[in-house]
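Enquirer: Before we start, here is the structure in question, set down as structure tokens.
The values are calculated or read from the model by the stated rules, or taken from the named source; none is laboratory data. Predicted model only: the values in this text are computed from it and were never measured. Counting neighbours? That spans all protein chains shown, and the Cβs are built from the backbone with ideal geometry, glycine included. Surface areas here come from the heavy atoms of the whole protein model, side chains and all, with no ligands, DNA or RNA. Shrake-Rupley method; radii C 1.70, N 1.55, O 1.52, S 1.80 Å.
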Amino acid sequence: MRRVVVTGVGVVSAIGIGVDEFTAGLRAGRRGARPISVFDTEGFAHAYGCEVVDFAPKSLLRNLNPTEFGRAAQFAAAGARMAIDDAGLDESTLRARRCAISIGTTDGGSADIERLVEAEVRHGSAARDPVVAQRVPSAWLPVAVASELRLSNVDTSTVATACGAGNYAIGNGFDAVRFGDAELAIVGGADAMCRMTFTGFYRLGAIAPDVCRPFDAERKGILTGEGAGVLMLEPLDSALARGARVYAEVHGYGLNCDAFHQVAPKQDSVAECIRLALRDAGIEPAGVDLISAHGTGTKANDVTEVGAIRDVYGDAPPRTVSMKSMLGHTMGAASALAAIGCALAITHGFIPPTINHRTTDPNCAIDCVPNHAIDAELNVVQNNGLAFGGNNCVLVLGRYES
Amino acid sequence: MIAPVKITSWAVCSPFGLGRDAFAAGLRAGTPKAGQVDEFVISEALGKKGTSSMDRASALAVHTVGELLSGVGQRVPLARTGVVIGTTSGSARTQMEFTKASLTRRKPYFVEPAMMPFGLMNSAAAQCAIRHGLTGPNSTIATGRVAGLSTVDYAARWLAAGRADAVACGAVEEYSAERAWLAANDGGDETAPIGEGCAVVLLEPADSAAPALADVLAVRSRLALGDDHPQALSACLREAFTDVGGVDGVGVNDVGAVATVGAGERAVVEDFLGTAGKSVRWLRPTEYVGDTGAASASFAIAALLASARRDHEQHGEQHDERAGRLALVTATDVTGIIGCALLRLR
């Protein structure tokens, strides 16, 4: 079993594109929220979200023709290109090794499903464009990555475990590299703003009217977001041999299923998932310095998640932040972007804040590092991904010390 | 694949009917029957509670996984039983109906909230967990027509990492007008009418106590960039046989059966097997149950298991020439993902 490290990251997000902008955004507690413009919001009482503005696919992609792919696939490919550049790897190096590409998503090609339905509703079924239909399969996301990097000797998979998919994909790549199924893994998550998802959460009463306030006494829900987080995972030995910069080591992960409810989380199941992750990582609770929560900002998630954290960690849990306060809920990209945030926090010695915070809910008794980033030496960070359908996946990252 | 795993059970729901016998009989009779699983009525199979908005894919998966796991709970704890379900894009019908409601009603949020979770791609796997109490690892892999192989590879990785003791693994696809239109316009060259169904296998580590129906020796996948599908499939096959230790034709002579998904795969496999391919049994379930999308490769595996079961019934243990022989599964997705798997049928 090999040790696995993160040697490159690529980011497309509402608070920054690329690792430098993203790091600066996290440190500054940048807010990604703005009025939604990518789809028609007529009739909704409120419609704020965390869109990615200034995404210029032609300048970020080298080989892929963006017009042939949906927005989420473009995000994934751009994130991957940035990640391999950041890792100091080139295409010929990747081509010489067996690679795994695993991208998590909630909606995949759903934006194109919407486009088809809209065409049918407005102009009749003959107006549905087959080119749009061809973009629907979610498998296009990792295939877009492989096409951008011109890789054919590659195992590609789309992990479609809703809001936790990023962690699942990272875990999959971690196992693949750890056990020698792959020499390199390009993993993460991607999703594009989608009216269907916004509508679903809105109808559930889970969309905040103004901003996302995780753990706040007056939190009212999520803001939907979009983007991609892509990580390059490789064996520690080969990373050191080529003089790569190591952001963090992946110590392990745990996954389980609530088997309880389609949307409501189950506290003891989440707690068990945390324990599974710590056991897999070989870390005791006392060794964890920071938790990056799923932290959606809904009444149900935050109280359940903090309850689970306190079940595992007792009355003095680690500081627990939610990057969704800044990024919005980027669905399949969420836990991947947060995992990158964790790796950057370890590397640069700071804790990204939970912004928009006014008063901590007494039922969410944690220190959420409100509003301002703080300097901190972090050795081990836990990253939570808790999805609809009870799909839980918790990742444990740590500082690599030579 | 990290280490070989074994298949200890299988279950199927196909346009030929509910269950393995209907599937096996249908393949044997050889009369194509695509489309729906006519006998499958969600409220009858799963009851009325919580199923009024349930998509057919989730319901088929729940029913089929239930058949698969009947009795397994006595030897594998629910928390150590994993579920991996393959899909293409989830229930297109649910997603489109939901979106249409949003676009046509007086307010855009006048949608059915109960419908929303069934429109998520992880709905089938989540429903399997909820309805069968499966709290182990649970995932959904969306690799289209290769999903039946991707899920096996993925589940095998969980087993190697000790994350589960058994994994219910397979894929499902539902019949709907929405999916029929998408399939007709997916840019691929599959011409079969669509079919629906679910096929799943129970995967366990090679050293578990339960007897094996088949060993999964290798799973390999690649991406065809451009039009090089035959070369990509050949490379996959070569890698799979190398994984198993067969080089220079040693392994290919042991192949007794080949199950394919895409129409163009047989020619590539024939070319690869050479003279060894002359005595091989060829299976292509798509010709009988239709284009079952993400379930295609799972049906291919099921067809091999059905065929092996028939061999046992006809010839018994002693004279079963095909026992211990290798079986090959190949699959191609419209996105260019190509996969193959090598099984040893017991």
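Enquirer: Going by a ≥ b ≥ c, the root eigenvalues of the Cα gyration tensor, does region B:262-343 fall in the rounded group (a/c under 1.5), the prolate group (a/b larger than b/c) or the oblate group? Present the calculation step by step, with values, prior to reporting the outcome.
Expert: Working: a/c = 2.38, a/b = 1.48, b/c = 1.61.
Verdict is oblate for region B:262-343.
Enquirer: Shifting gears a bit: Using a 1.4 Å probe on protein heavy atoms, which residues of region B:97-116 have at least 10 Å² less accessible area in the complex than alone?
Expert: Correct list: B:PHE98, B:THR99, B:LYS100, B:SER102, B:LEU103, B:THR104, B:LYS107, B:PRO108, B:TYR109, B:VAL111, B:PRO113, B:MET116.
Enquirer: Among all stretches of chain B without exposed GluC sites (Glu not before Pro) (DSSP loop, at most 11 other Cβ atoms within 10 Å), which one is longest? Please report the intermediate quantities before stating the final value.
Expert: Working: sites that count: B:GLU317, B:GLU321.
In chain B, the maximal stretch lacking such sites is B:1-316.
Enquirer: Could you tell me what a quarter of the Cα convex hull surface of chain A works out to, in nm² with one decimal place?
Expert: Numbers: hull surface 71.7 nm².
Mean projected area for chain A: 17.9 nm², to one decimal.
Enquirer: Would you mind working out the magnitude of the charge dipole of chain A relative to its Cα centre, with +1 at each Lys and Arg C-beta and -1 at each Asp and Glu C-beta, to the nearest 20 Debye?
Expert: On the way: 35 positive and 45 negative charges, 66 e Å.
The dipole of chain A has a size of about 320 debye.
Enquirer: Please check region A:191-213 for residues whose accessible area, probe 1.4 Å, is lower by 20 Å² or more when all protein chains are in place than in their chain alone.
Expert: A:ARG195, A:MET196, A:THR199, A:GLY200, A:TYR202, A:ARG203, A:LEU204
Enquirer: Let me ask something else about it. Any idea what angle helix B:56-69 forms with the longest principal axis of chain B, computed on alpha-carbon atoms, 0 to 90 degrees, nearest 10?
Expert: So the helix axis and the longest Cα principal axis differ by about 50 degrees.
Enquirer: Would you work out the Kirkwood radius for chain B? I mean one over the mean of 1/r across all pairs of different Cα atoms, in Å.
Expert: Numbers: mean 1/r = 0.0497 Å⁻¹.
So the Kirkwood estimate lands at 20.1 Å.
Enquirer: Counting Lys +1, Arg +1, Asp -1, Glu -1, what net charge surrounds B:ALA214 among other residues with beta carbon under 11 Å of its beta carbon? Mind showing how you got there, number by number?
Expert: Working: positive: B:LYS6, B:ARG309, B:ARG325, B:ARG344, B:ARG346; negative: B:ASP215.
Taking every other residue near B:ALA214 into account, the sum is +4.
Enquirer: For region A:180-327, what is Rg from Cα atoms divided by 2.2 N^0.38 Å, rounded to two decimals?
Expert: Normalised Rg, Cα atoms only: 1.20.
Enquirer: Right, something else. Could you give the length gained on full extension between B:ALA177 and B:SER52, defined as 0.36 nm per residue of separation minus the Cα-Cα distance, in nm?
Expert: On the way: separation 125, 0.36 × 125 = 45.00 nm, distance 1.89 nm.
Gain on stretching B:ALA177 to B:SER52: 43.1 nm.
Enquirer: Quick test of the membrane-span-like rule: which DSSP H helices of chain A reach at least 15 Å along their long axis (C-alpha atoms) with mean Kyte hydropathy at least 0.0?
Expert: On the way: long enough: A:71-87 (24 Å, 0.22); A:110-123 (19 Å, -0.48); A:165-178 (19 Å, -0.04); A:267-281 (21 Å, 0.03); A:299-313 (21 Å, -0.27); A:334-348 (21 Å, 1.65).
Length and hydropathy pass: A:71-87, A:267-281, A:334-348.
Enquirer: Another one. Report, in degrees rounded to the nearest 10, the 0 to 90 angle that the Cα long axis of helix B:229-244 makes with the longest principal axis of chain B.
Expert: 60 degrees
Enquirer: P(r) for the protein assembly as shown: what percent of alpha-carbon pairs falls in each 20 Å bin, starting at zero?
Expert: 19, 55, 24, 2
Enquirer: Sticking with the crude label model, points 7 Å out along Cα→Cβ, report the distance from A:ASN363 to B:ALA267 in nm, one decimal please.
Expert: 6.4 nm
Enquirer: At 10 °C and a viscosity of 1.306 mPa s, what translational diffusion coefficient does Stokes-Einstein give for region A:259-327, taking Rh as the Kirkwood radius over Cα pairs? Give it in µm²/s as a whole number.
Expert: 126 µm²/s
Enquirer: Percent of alpha carbon pairs in region B:151-289 separated by more than 20 Å? Don't skip to the end; give the middle numbers.
Expert: Details: 5757 of 9591 pairs.
When all Cα pairs of region B:151-289 are counted, 60 percent exceed 20 Å.
Enquirer: Okay, next question. Give me the inter-chain shielding for A:98-111: mean count of other chain Cβ atoms within 10 Å, whole number please.
Expert: 3
Enquirer: For region A:326-402, what is the convex hull volume of its Cα atoms per residue in Å³?
Expert: On the way: hull volume 8.6 nm³, N = 77.
Dividing the Cα hull volume of region A:326-402 by its residues yields 111 Å³.
Enquirer: Rolling a 1.4 angstrom probe over the protein heavy atoms, how many square angstrom per residue are accessible across region A:121-274?
Expert: On the way: 3830 Å² over 154 residues.
That works out to 25 Å² for each residue.
Enquirer: Another question, then. Dipole size in debye (nearest 20) for region A:1-95 around its Cα centre, Lys and Arg Cβ +1, Asp and Glu Cβ -1? Could you put the intermediate results ahead of the total?
Expert: Values: 11 positive and 11 negative charges, 74 e Å.
Result for region A:1-95 is approximately 360 debye, rounded to the nearest 20.
Enquirer: Work out the length of the dipole vector of the protein assembly as shown about its Cα centre, built from +1 on the beta-carbon of each Lys and Arg and -1 on the beta-carbon of each Asp and Glu, and round it to the nearest 20 debye. Walk me through the numbers on the way to the answer.
Expert: Details: 67 positive and 82 negative charges, 140 e Å.
Around 680 debye, computed over the protein assembly as shown.
Enquirer: Pairs of Cα atoms under 8 Å, at least six residues apart: use those to get the relative contact order of chain A, whole percent. Spell out each step's value before the answer.
Expert: Numbers: 1099 pairs, mean separation 95.0, N = 402.
That works out to 24 percent.
Enquirer: What average count of beta carbons from other chains do you get within 10 Å of the Cβ of residues in B:84-92?
Expert: Working: counts 1, 1, 2, 6, 8, 13, 7, 0, 5.
Mean number of neighbouring Cβ atoms from other chains: 5.
Enquirer: Over region B:39-133, with the other protein chains present, what is the accessible area per residue in square angstrom, probe 1.4 angstrom? If you can, show how the numbers build up before the last one.
Expert: Numbers: 3730 Å² over 95 residues.
The answer is 39 Å² per residue.
Enquirer: Moving on to the next point. What nm distance separates the two modelled labels at B:THR242 and B:ARG281, each placed 7 Å from Cα along Cα→Cβ?
Expert: 3.1 nm
Enquirer: So, one more: Can you tell me the 0 to 90 degree angle between the C-alpha axis of helix B:147-160 and the longest principal axis of chain B, rounded to 10?
Expert: Rounded to the nearest ten degrees, it is 80.
Enquirer: Mind giving me the FRET efficiency for B:THR31 and B:HIS315? R0 is 22 Å, r the Cβ-Cβ distance, nearest 0.05 is fine.
Expert: Details: r = 25 Å, r/R0 = 1.14.
Computed FRET efficiency for B:THR31 and B:HIS315: 0.30.
Enquirer: How many nm separate the modelled label positions at B:ASP21 and A:THR67, each set 7 Å beyond the Cα in the direction of the Cβ?
Expert: 5.8 nm
Enquirer: Are there trypsin sites (Lys or Arg not before Pro) in region B:1-59 that DSSP marks as loop and that have at most 11 other Cβ atoms within 10 Å, and which are they?
Expert: Values: sites: B:LYS6, B:ARG20, B:ARG28, B:LYS33, B:LYS48, B:LYS49, B:ARG56; in loops: B:LYS33, B:LYS48, B:LYS49.
For trypsin sites (Lys or Arg not before Pro) across region B:1-59 that sit outside H, G, I, E and B with at most 11 neighbouring Cβ atoms in 10 Å, the list reads B:LYS48, B:LYS49.
Enquirer: Counting only protein heavy atoms and a 1.4 Å probe, tell me what percentage of chain A's accessible area is made up of carbon and sulfur. Spell out each step's value before the answer.
Expert: On the way: 5710 of 12210 Å².
Looking at chain A in its full context, I get 47 percent from C and S.
Enquirer: Related question: With a 1.4 Å probe on protein heavy atoms only, work out how much accessible surface B and A bury together, total over both chains, in Å² to the nearest 100. Write out the running numbers ahead of the final one.
Expert: Numbers: alone 15160 and 14950 Å², together 24490 Å².
It comes to approximately 5600 Å² buried between B and A.
Enquirer: What number, rounded to the nearest 500 deg cm²/dmol, is the helix-based mean residue ellipticity at 222 nm of the protein assembly as shown, given -39500 (n - 2.57) per DSSP H run of at least four residues and division by all its residues?
Expert: On the way: 25 runs with 266 residues, N = 748.
The per-residue figure over the protein assembly as shown is -10500 deg cm²/dmol.
Enquirer: Mind checking the alpha-carbon convex hull of region A:146-262 and giving the volume per residue in Å³? Working shown, then result.
Expert: Working: hull volume 20.2 nm³, N = 117.
Hull volume normalised by residue count: 173 Å³.
Enquirer: Express the accessible area of region B:159-291 per residue in Å², computed with a 1.4 Å probe while the remaining protein chains stay in the model.
Expert: Values: 5110 Å² over 133 residues.
Accessible area per residue, region B:159-291: 38 Å².
Enquirer: If you don't mind, there's one more thing I want to ask. Under 20 Å Cα-Cα from B:LYS100, which aspartates and glutamates qualify once same-chain neighbours fewer than 8 residues away are excluded?
Expert: A:ASP40, A:GLU42, A:ASP107, A:ASP112, A:GLU114, A:GLU118, A:GLU120, A:ASP129, B:ASP55, B:GLU112, B:GLU174, B:GLU178
Enquirer: Tally up the carbon and sulfur contribution to the accessible surface of chain B as a whole percent, 1.4 Å probe, everything protein left in place.
Expert: On the way: 5980 of 12280 Å².
The nonpolar share, carbon plus sulfur, comes to 49 percent.
Enquirer: To the nearest whole number, what is the average tally of beta carbon atoms from other chains within 10 Å of the beta carbons of peptide A:118-129? Can you show the working numbers first?
Expert: Working: counts 4, 0, 5, 5, 1, 0, 0, 1, 0, 0, 3, 1.
The shielding value for this peptide is 2.
Enquirer: Separate question: Report for chain B the percent antiparallel among DSSP-assigned beta bridges with both residues inside it, nearest 5. Numbers along the way, then the final one.
Expert: Working: 36 of 55 bridges.
DSSP beta bridges in chain B are roughly 65 percent antiparallel.
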